[in-house]
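Enquirer: Dropping a structure here in C-alpha cells format, bear with me for questions.
The values are calculated or read from the model by the stated rules, or taken from the named source; none is laboratory data. All of these numbers come straight from a predicted model, not from anything done at the bench. Every residue, glycine as well, gets a Cβ built from its backbone with ideal geometry; the counts of neighbours run over all protein chains shown. For the accessible areas, the whole protein counts, side chains as well, though only heavy atoms, and no ligand, DNA or RNA atoms are used. Shrake-Rupley method; radii C 1.70, N 1.55, O 1.52, S 1.80 Å.
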Amino acid sequence: MNRRKVCYITGTRADFGLIQSTLQHIRKSRTLDLSLVVTGMHLMRGHGLTVAEIERAGLPIAARIEVEEGTPTGALMAKNIGRMLVGFVEALEAIRPDLVLVLGDRGEMLAGALAAIHLNILVVHIHSGERSGTVDEPVRHAVSKLAHFHFVATDESKERLVRMGEAADRVFVVGAPGLDGLKETALTGREGLCAAVGFDPKRPVALIVYHPVLQEADRSARDTATIVEALRARDAQIIAWRPNSDAGSTGVRDVLEACAAAGHLHLATHLPRSEFLSWLAACDVIVGNSSSGIIEAASFGTPVVNVGSRQNLRQRNANIFDCSVQRADLDSAITHALASPRFDGYNVYGDGKAGERIAALLTRIDPTVGSMAKTNVY
C-alpha cells in the first residue's frame, strides 16, 4: 500500500512548537509519509535559527525557502508572502504531496495554501474558525476558504466555519495540538528555572510574551515600555521572549534589549519548547498578547494578563485577565492576576490528544479529485 504523502509548512518557532507532537505522530504512522517545508523566522539568525530545533527533532526537511530580512514593516511582510509563494510552488512541485497541512493565521500559511490549491493539492487547515480581531483574523479565514478540510480546536470554531459556508462533514473538532504532552514536557521546576537566570524563587516572577500588532506598529515600543514599567512597579522579576518578525517588532525588541542591558529583565531570543512550557507552568503571571497565554497557559492554571487587541475575540479560559495598554488598566489587571490563586487546569481548547486524532484523520480523509471541488454550501 502506498503511503499518503503529507507536507507541513512551518515558518516560526511558535507554529512548530504547537505542532511538533502531532508531526511525530504522523512520522510514526505506517500509512503516512511526512515532509516539511521550512521558511520565515526559522532561517533567520536574529530569531535563533530555529530550523536547528526541527533538525534535532529528527523530522524530514524537504525544502528551505528563505525570505528577505530587514526592518519589519507591513510592506516587507507582504513582499515575503510573494517570495514564499514562488518558493512553495517550486518545492511542492518537487515533493508532490497528497496533501498540505497548515496551521493558524500567518502569511506563510496563506502562501502555502494558495500554492497548494493551484497545484491541485488538498489543503488541511488546523486551528481554523477562530477569531482574533486584528489582521490575523482575515488571514486565518482566507486560509480556511482555500482549505478543503478543517481540524478545529473547539465546537465554537466548527460552528463558525459552517456559518461561513464550509461543509460540516469536512470540519473536525480535534482540540488544540499545542496541548499535547504539555505537563510531560514542562519538566524543569521553579527553583531550577530561577537559578539559571539569577532570580529569587520566593519573589514574583512574570513572563512577558508580547508581539506587535500590524495596525498598531507605531505604538509597539511605547506599549512594551508600559508593560515592563507596570511589572517593575510590582517588584516582579521579569523574563521576556523576543517578539516575532512582524511589523513593529523592532520597537518591541529595542525596548526589551535596553531593559535587559539595564538589568531590568532577562531576555531570551528563543527557548526550547520544554523550557518555555516550564516557565509557563512556574511563573506567577504571564503578561502580553501571545496565543500561548490564551491556549496553553490554562492547562497549568497560570494567571494571564492579556494586553490589547491581538487576541481580542478568541475564546477565553477562566485564567484570562483582559486589559488595554493604558497604565491604570494594566496595574489593575496585574494586581488581580497576582492575587489570584492558581486555576483548576480546565482548558476549553481540548484534552491533549489532538495529535493522534489528526494523524488518524489524515489517513481517512479522501484526497481524490472529488475532494478538491469546493464551493460554499449556500
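Enquirer: Quick one: check the C-alpha center-to-center distance for region 85-133 versus region 191-270, whole angstrom.
Expert: So the separation of the two Cα centres works out to 32 Å.
Enquirer: With a cap of 10 neighbouring Cβ atoms within 10 Å, and only residues DSSP puts in a loop, list the trypsin sites (Lys or Arg not before Pro) found in region 192-274.
Expert: Those satisfying the criteria are Lys202.
Enquirer: Taking only C-alpha pairs under 8 Å that are 6+ residues apart, what is the relative contact order of the chain in percent?
Expert: It comes to 17 percent, rounded to a whole number.
Enquirer: Taking amide H atoms as placed 1.01 Å from N in the peptide plane, list the residues 5 or more away in sequence, or in a different chain, whose amide H sits under 5 Å from that of Leu265.
Expert: Counting only residues 5 or more places away or on other chains, the set is Ala260.
Enquirer: With every protein chain kept in place and ligands, DNA and RNA left out, what is the accessible area per residue of the chain? Probe 1.4 Å, answer in Å².
Expert: I get 40 Å² per residue for this part.
Enquirer: Here's something else I'd like to know. Once amide H atoms are placed 1.01 Å from N in the peptide plane, what residues at a sequence separation of 5 or more from Phe321, or on another chain, have their amide H within under 5 Å of its amide H?
Expert: Residues meeting the criterion, in which the H sits 1.01 Å from N, are Val304, Val305, Asn306.
Enquirer: ³J(HN,Hα) across region 256-265 via Karplus (A = 6.51, B = -1.76, C = 1.60, θ = phi - 60°), whole Hz, x for Gly/Pro?
Expert: 5, 5, 5, 5, 5, 4, 7, x, 8, 7
Enquirer: Could I ask something else about it? Once label points are set 7 Å from the Cα along Cα→Cβ at both Ala233 and Thr71, what is their separation, rounded to one decimal in nm?
Expert: According to this spin-label approximation, the distance is 3.2 nm.
Enquirer: In whole angstrom, note down how far apart the Cα centers of region 295-361 and region 6-81 are.
Expert: If you average the Cα positions of each part, the centres end up 26 Å apart.
Enquirer: For the chain, what is the mean residue ellipticity at 222 nm derived from helices alone (per DSSP H run of n ≥ 4: -39500 (n - 2.57); sum divided by total residues; nearest 500 deg cm²/dmol)?
Expert: It lands at -12500 deg cm²/dmol.
Enquirer: If the chain between Asp155 and Lys353 were fully stretched, how many nm would it gain, using 0.36 nm times the residue separation less the Cα-Cα distance?
Expert: 69.7 nm
Enquirer: Relative contact order for region 17-123: what is it in percent, counting Cα pairs under 8 Å that are at least 6 residues apart?
Expert: It rounds to 20 percent for region 17-123.
Enquirer: Now a separate question. Let me cross-check Asp200: its accessible surface, 1.4 Å probe, with only protein heavy atoms counted, in Å² to the nearest 10?
Expert: 60
Enquirer: Could you please state how large a percent of the accessible area of the chain is carbon and sulfur, counting protein chains only and using a 1.4 Å probe?
Expert: C and S atoms contribute 51 percent here.
Enquirer: Once fully extended, how much extra length lies between Ala339 and Ala195, figured as 0.36 nm per residue of separation less the alpha-carbon to alpha-carbon distance?
Expert: Taking Ala339 through Ala195 to full extension adds about 49.4 nm, to one decimal.
Enquirer: While we're looking at this one, here's another question. Label-point separation (nm) for Glu90 and Glu257, each offset 7 Å from Cα along Cα-to-Cβ?
Expert: 3.1
Enquirer: Quick check for you: which residues of region 68-85 have the amide N under 19 Å from the point 7 Å beyond the Cα of Ser309 toward its beta carbon?
Expert: Counting backbone N atoms under 19 Å from the label point, the list is 73-75, 77-78.
Enquirer: What is the calculated FRET efficiency for Arg219 to Thr31, with r their C-beta to C-beta distance and R₀ = 45 Å, to the nearest 0.05?
Expert: Given R0 = 45 Å and the Cβ-Cβ separation, E is 0.35.
Enquirer: Students often get this wrong, so check it: of Lys79/Lys374; Lys28/Lys353; Lys353/Lys374; Lys79/Lys158; Lys183/Lys353, which have C-alpha atoms separated by over 23 Å?
Expert: The pairs that break the limit, which is 23 Å between Cα atoms, are Lys79/Lys374; Lys353/Lys374; Lys79/Lys158.
Enquirer: Per-residue HN-Hα couplings for region 218-223, Karplus 6.51 cos²θ - 1.76 cosθ + 1.60 at θ = phi - 60°, whole Hz, x for Gly and Pro?
Expert: Along region 218-223, the couplings run 5, 9, 4, 5, 4, 5 Hz.
Enquirer: If you average the sequence gap of Cα pairs under 8 Å that are 6 or more apart and divide by the length of region 180-325, what percent do you get for the contact order?
Expert: 27
Enquirer: Step through the residues of region 333-346 one at a time and calculate ³J(HN,Hα) from phi using the Karplus curve (6.51 cos²θ - 1.76 cosθ + 1.60, θ = phi - 60°), rounding each to whole Hz and writing x for Gly and Pro.
Expert: Ordered by residue, 3J(HN,Hα) equals 5, 5, 4, 5, 5, 5, 7, 6, x, 4, 8, 7, x, 5 Hz.
Enquirer: How far is it, in nm, from the label point at Leu49 to the one at Asp331 when both lie 7 Å from their Cα along the line to the Cβ?
Expert: It works out to 4.6 nm between the two label points.
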